[in-house]
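The values are calculated or read from the model by the stated rules, or taken from the named source; none is laboratory data. None of these values were measured; they are calculated from a predicted model. Positions of Cβ are backbone-derived with ideal geometry, glycine not excepted, and every protein chain shown enters the neighbour counts.
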Amino acid sequence: MHYTFITFGVFGAVLFLVCSEAAFAKLTNAKCESYNQSWVSIHYCRLKAYSRNKTSLNVNLTLSEPAYNIFLHLKMLKRANGYKPFLFDYNFDACEFMRRRNQPVAKIVWNLIKDVSTVNHTCPYMGLQVLSDFHLIDIPLPLPTGEYLLLMDWFFDGKPQFASNVYFAFKEDFTTSSSRHG
C-alpha cells in the first residue's frame with residue numbers, strides 16, 4: 001500500500017512538471033498579396049480569434065488558370081530588432097513535392113496544413129483553394145522563445161504570383177516552473 005502511494009505521488013509530480021513546462025504557440029498575423037490579379041484572386045487571408053490564446057488561420061483564393069509549374073520559396077525569420085533570417089531559406093518544386101513528399105523542410109509545413117487544406121493533390125491546381133481553421137498547435141522543431149515570420153512566395157511558370165506571410169509567437173515555458181523554485 002505504501003508503494004502505491006509513492007507511485008501515484010511520483011506520477012503526479014511528473015505529470016505536473018510535463019504540463020507546466022509545455023510550449024505555447026499562437027498565430028499573431030497573416031498577410032497575403034496577389035502580384036497577378038488576373039491569375040490569383042485572394043478573397044480573404046485572416047485570423048479568427050477563438051480566445052486570448054487560440055487563433056486560427058483562414059485563407060481563400062481562386063486560381064483562374066491552371067498552374068502546372070509551381071515553385072515555393074519558404075523563408076523563416078525571427079524578430080530581433082526587426083525580422084532577421086533564421087533557420088531556413090528554402091526553394092523547392094511544389095508539384096514535385098506533391099508527387100513524392102521528398103523535401104524535409106516542406107514536409108514539416110505540409111504535415112501542419114494537410115488536414116485543413118484543399119491542396120492535397122498533384123498539379124495542376126485551378127479554381128478555389130482553401131485553408132480553413134488552421135491552428136498552430138504542435139511545432140515539430142525546437143525553437144527558442146520569440147516572434148517568428150514564415151514568408152512564402154509562390155511562383156507559377158517562373159514568375160511570382162502571390163505571397164502569404166504568417167506571423168506567430170512561440171514560447172517555451174520553462175521559466176515559469178524554475179522561477180518558483182529559485
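Odds and ends about this structure:
- Qualifying residue in the range 134-145 (condition: touching a residue at least 24 places away in the same chain (Cβ under 8 Å), on the phi > 0 side of the Ramachandran plot and surrounded by fewer than 17 Cβ atoms within 10 Å (Cβ to Cβ)): no
- Apart from one condition, Glu33 fits all of (1) more than 19 Å from Leu136 (Cβ to Cβ); (2) in contact with a His (Cβ under 6 Å, 6 or more places away or on another chain); the exception is (2).
- Picking from residues in the range 53-103 that are among the acidic types (Asp, Glu) and in a strand (DSSP E or B), the one that is modelled with the lowest pLDDT is Asp89.
- Of all residues assigned to the range 158-166, at least one qualifies as being assigned to a strand (DSSP E or B) and either of a type in the set (Val, Ile, Thr) or modelled with pLDDT under 95 (or both).
- Selection status of Phe134, modelled with pLDDT under 90 and of a type in the set (A, V, I, L, M, F, W, C): no
- Residue ID - surrounded by the most Cβ atoms within 10 Å (Cβ to Cβ), chosen from residues in the range 24-79 that are in contact with a helix residue (DSSP H, G or I) (Cβ under 9 Å, 6 or more places away or on another chain) and over 20 Å from Phe170 (Cα atoms): Ile70
- Cβ pairs under 6 Å, 6+ apart, first in the range 42-71 and free of Cβ contacts under 8 Å to residues at least 40 places away in the same chain, second of a type in the set (Gly, Ala, Ser) and assigned to a strand (DSSP E or B): Leu47/Ala30
- Met126 being of a type in the set (A, V, I, L, M), touching a His at 6+ places or on another chain (Cβ under 8 Å) and either in contact (Cβ under 8 Å) with a residue 40 or more places away in the chain or surrounded by 14 or more Cβ atoms within 10 Å (Cβ to Cβ) (or both): no
- Checking the stated criteria, Leu112 turns out to be surrounded by 16 or more Cβ atoms within 10 Å (Cβ to Cβ), of a type outside the set (D, E, K, R), at pLDDT below 90 and outside any strand (DSSP E or B).
- Taken across the range 167-178, residues that are modelled with pLDDT of 85 or more, hydroxyl-bearing (Ser, Thr, Tyr), touching a Ser or Thr at 6+ places or on another chain (Cβ under 8 Å) and outside any loop (DSSP other than H, G, I, E, B) do occur, with at least one present.
- For the range 1-24, the criterion of a residue being at pLDDT 90 or above and among the hydroxyl-bearing types (Ser, Thr, Tyr) is satisfied by no position.
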